[in-house]
Amino acid sequence: MRCGCRVATALLTAIGYTYVMTWSMLWRDIAIGLLVAGALSAWVPNSIWQRLFLTGHPVLSVIWGAFAGPLIALASFTCSVGNIPLAGVLWHGGISFGGVASFIFGDLIILPILNIYRKYYGARMTAFMLVTFYAAMFAASLVVEGIFAVAGWIPARPKTGSAAHTASQSITFNYTSILDIAPAQIRAALVTNRIAQKIIRRIARARSGFGNAPAGPLQSGLRPCSWSSGSK
């Protein structure tokens with residue numbers, strides 16, 4: 001029983017460590033994505049988006065949206081989950097559902113990522129990967145559009161200024177609230193555990209007198225420390 005508790009504690013510590021480190025890497029991308037999405041939503045009229053995405057042509061808009069999604073991703077420089085807010089703006093502006101999918105896929109071919117490919121694989125392979133990824137994104141988004149259209153899963157797009165749009169802008173308690181609150185409790189527990197572990201390690205260092213106490217997230221729960229007075 002005691003061993004099981006130690007393993008559970010070590011796993012929780014490791015998960016908390018990974019969660020905090022992941023947020024430390026992604027918060028800039030998320031912040032940039034929110035800023036870009038907010039600026040485009042405020043400064044670009046919906047009429048421009050609708051002309052760009054050919055909303056008056058049902059079939060052509062599906063094909064063009066799937067093709068244009070990666071291009072917009074390529075020009076936007078938003079990657080990771082930072083492109084999700086911008087995807088919402090594009091969807092509100094009139095891009096097809098498959099276009100949203102291809103835009104999200106497009107974070108694999110933004111310019112910083114292409115530069116990384118070039119450094120590792122060379123310019124020729126990078127060009128091949130760009131064309132291959134683009135074709136795969138285009139085809140996959142059309143497949144996604146078709147499956148969701150047949151299944152009736154494509155959400156309705158409320159018109160700006162309509163009663164449905166006005167109601168969607170108000171704060172309501174529904175299933176999305178539960179999906180927000182439940183993960184928030186888990187996030188709070190992981191962050192609290194991470195902070196507690198850092199405090200415990202600092203106290204252990206101060207009491208033991210050693211300046212190089214173990215910093216790994218798994219060491220406190222799984223591996224015993226076997227220090228001798230002569231070890232460094």
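Readers should treat all values here as calculations from the given coordinates under stated rules, not as data from a laboratory. These numbers come from a predicted model, not from an experiment. Heads up, the Cβs are rebuilt from the backbone with ideal geometry, glycines too, and the neighbour counts pull from every protein chain shown.
General observations
- Counted by Cβ distance under 15 Å from Leu108, the other residues give a net charge of -1, where Lys and Arg count +1 and Asp and Glu count -1.
- For the range 136-150, backbone nitrogen atoms closer than 20 Å to the point 7 Å from Leu60 Cα along Cα-to-C-beta are found at 142.
- Cα convex hull of the range 20-65 - mean projected area over all directions, nm²: 4.5 nm²
- Local net charge near Met21, Cβ-Cβ under 15 Å (Lys/Arg +1, Asp/Glu -1): +3
- Contour minus Cα-Cα distance for Trp23 and Leu11 (0.36 nm per residue): 2.5 nm
- The distance linking the range 11-43 with the range 95-123 is 19 Å (Cα centroid to Cα centroid, whole angstrom).
- With Cα atoms as the point set, the radius of gyration and Dmax of the range 72-159 evaluate to 14.5, 46 Å.
- Applying the Karplus relation 6.51 cos²θ - 1.76 cosθ + 1.60 with θ = phi - 60° to the range 195-207 yields 3J(HN,Hα) values of 5, 4, 5, 5, 5, 4, 5, 5, 5, 5, 4, 5, 6 Hz, where x marks Gly and Pro.
- In sequence order, calculated HN-Hα J values of the range 36-52 (Karplus, 6.51, -1.76, 1.60; Hz; x Gly/Pro): 5, 5, x, 5, 5, 5, 7, 9, 9, x, 5, 4, 5, 4, 5, 5, 5
- Relative packing of peptides 87-95, 200-208 - highest average C-beta neighbours within 10 Å first: 87-95, 200-208
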